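This report refers to the structure that appears directly beneath it.
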Amino acid sequence: MTRAQVMGIAAAVIALSIGVASAQQPAPPSGQKSLAATLNVYVFPSNGQKPEQQSKDESDCYAWAVQNTGSDPFALSKQSEQQAAQAEQAKQQAKQAGKGAGAKGAIGGAAAGALIGEIASDDAGEGAAIGAAAGVVHGRRKARKAEAAATQQVEAQSQQVQQATAEQIANFKKAFSVCLESKKYMVKF
C-alpha cells in the first residue's frame, strides 16, 4: 500500500468515526422545559415515545391529575406567593400598630403620676414626669408583646398554609406520575 492509500484510508476512518460519534449524541435540548420538568418530575419514555407524544401524554396526565386531585400546582404556587405577601403585610401592620405606644403610655402615665404626685407630695409636676417615664416603658413593652404575638400568629398560619400546599402538590405529583406510568413512562420525582 502506498502512503497516499494509507492516508486516504485513515481520513475515511476518521470521518466515519466522527459521523458515528455525532450520530450517537442526543440532540441538544431545545431550551424549553417540558411540563414534567417544570414540575420537577423526571420522565423517561420507556417505549421510545417521541417528544411530541411525550408532550401530549404529559398534558393529558396533567389534566387528569388536576381533575382527580382538585389541585393545580401552578395555581397553588400563585396562591402561595399571594399568601406570603399578605403575611408580610400583616407583619408590617403589626409593627405599625405598635408605633406611638410609648407616647400613648406617656400620656396615661403622666396623668396618673400627676394625680399620685399631687396626693402624695403636693408636687404634681414631678409625679407627672415620673408617671410619663413609667408610662413610656410600659407602653413600649406592651406594644412589643402585642407585635411579637401578632407576628408569631401570622408565621404559624403561614407555615400551616405552606405545609398544606406542599401536601397538595405532592398528591398531584403522585397522580401525574401514575398516569404517565400507565402510558409506559418511567417517572421519578
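Please treat every number below as a calculation from the coordinates, not as lab data. Fair warning: this is a prediction, and the values are worked out from it, not measured in the lab. Reconstructed Cβ throughout: ideal geometry from the backbone, glycine too, with neighbour counts over all protein chains shown.
Look at 61, 179 and count the other Cβ atoms within 10 Å of each Cβ; fewest to most, that gives 179, 61. For the set 78/184; 33/184; 50/188; 33/183; 50/78, the pairs lying more than 29 angstrom apart at their alpha carbons are 78/184; 50/78. Partners of residue 91 within straight-line reach, counting lysines whose Cα lies under 19 Å from its Cα and excluding those fewer than 8 residues away in the same chain: 99, 142, 145. Full extension of the chain between residue 56 and residue 84 yields a length gain of 6.7 nm, computed as 0.36 nm times the residue separation minus the alpha carbon distance.
Neighbours of residue 158, meaning other residues whose beta-carbon lies under 14 angstrom from its beta-carbon, give a summed charge of -2 when Lys and Arg score +1 and Asp and Glu score -1.
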